Amino acid sequence: MAKIAGILFLLCVLPVLAMAGRPEKKPYCVRGKVYCDTCRAGFETPASTYLEGVKVKLECRHRQTQEVLYSAVATTDRTGSYKIFVENDQKENICDTMLLSSPHRRCKLADPGRDRSRVVLTSNNGVVSNDRYANNMGFTVEEPMSYCAQLMQQYQLTEDEV
């Protein structure tokens, strides 16, 4: 009877110990937003709008060889937000989100300097959460909207003052 109780005890305890020793695999969630710079300001303004249907790519490259080791694509929702899930720690890799395409006829030009964002995807940096936030990225219009000159005066960035 004692042998059977001991065996039952081991059968119950060993799987629990095995699971406790295995680290829980939680995916990283890269989040960001894509906007349209309607004033060609080079940054978000109150006149900026968020874009639905934009294709965004996450790419992780080896630090030395620049070989692409991970890649994923997402599409923005009606709030201009996207989420990309990454299963593995990318501690040895450099990861960037980048704009791929905009379905918006008036806002299709990727804004230089705002067309990609670096993201750190490792647990070895002191960040407890697995949510990672990429800087917002933007497209721009060919010609600024008519009200932009007045808006830009608030920032004291008009061409007359440069």
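The values are calculated or read from the model by the stated rules, or taken from the named source; none is laboratory data. None of these values were measured; they are calculated from a predicted model. No Cβ is skipped: glycine too gets one built from the backbone with ideal geometry, and neighbour counts run over all protein chains shown.
Structure data summary
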read-out	value
Test for residue 97: is it surrounded by 17 or more Cβ atoms within 10 Å (Cβ to Cβ), within 21 Å of residue 35 (Cα to Cα) and either among the hydroxyl-bearing types (Ser, Thr, Tyr) or out of contact with any Gly (no Cβ under 8 Å at 6 or more places or on another chain) (or both)	yes
Residue under evaluation residue 9, criteria (1) out of contact with any Leu (no Cβ under 9 Å at 6 or more places or on another chain); (2) at pLDDT below 90; (3) within 20 Å of residue 130 (Cβ to Cβ), criterion not met	(3)
Selection count where residues are under 12 Å from the mean Cα position of the chain (by Cα) and either in a loop (DSSP other than H, G, I, E, B) or without any contact (Cβ under 8 Å) to a residue 24 or more places away in the chain (or both), scope the range 131-154	3
Any hit, the range 66-77, residues being modelled with pLDDT of 95 or more, over 23 Å from residue 123 (Cβ atoms), in contact with a strand residue (DSSP E or B) (Cβ under 8 Å, 6 or more places away or on another chain) and in a loop (DSSP other than H, G, I, E, B)	yes
Among the candidates 83, 57, residue that is under 13 Å from residue 28 (Cα atoms), modelled with pLDDT of 95 or more and not in a loop (DSSP other than H, G, I, E, B)	83
When residues of the range 107-151 are limited to those that are basic (Lys, Arg) and surrounded by 13 or more Cβ atoms within 10 Å (Cβ to Cβ), the one farthest from residue 34 (Cα to Cα)	132
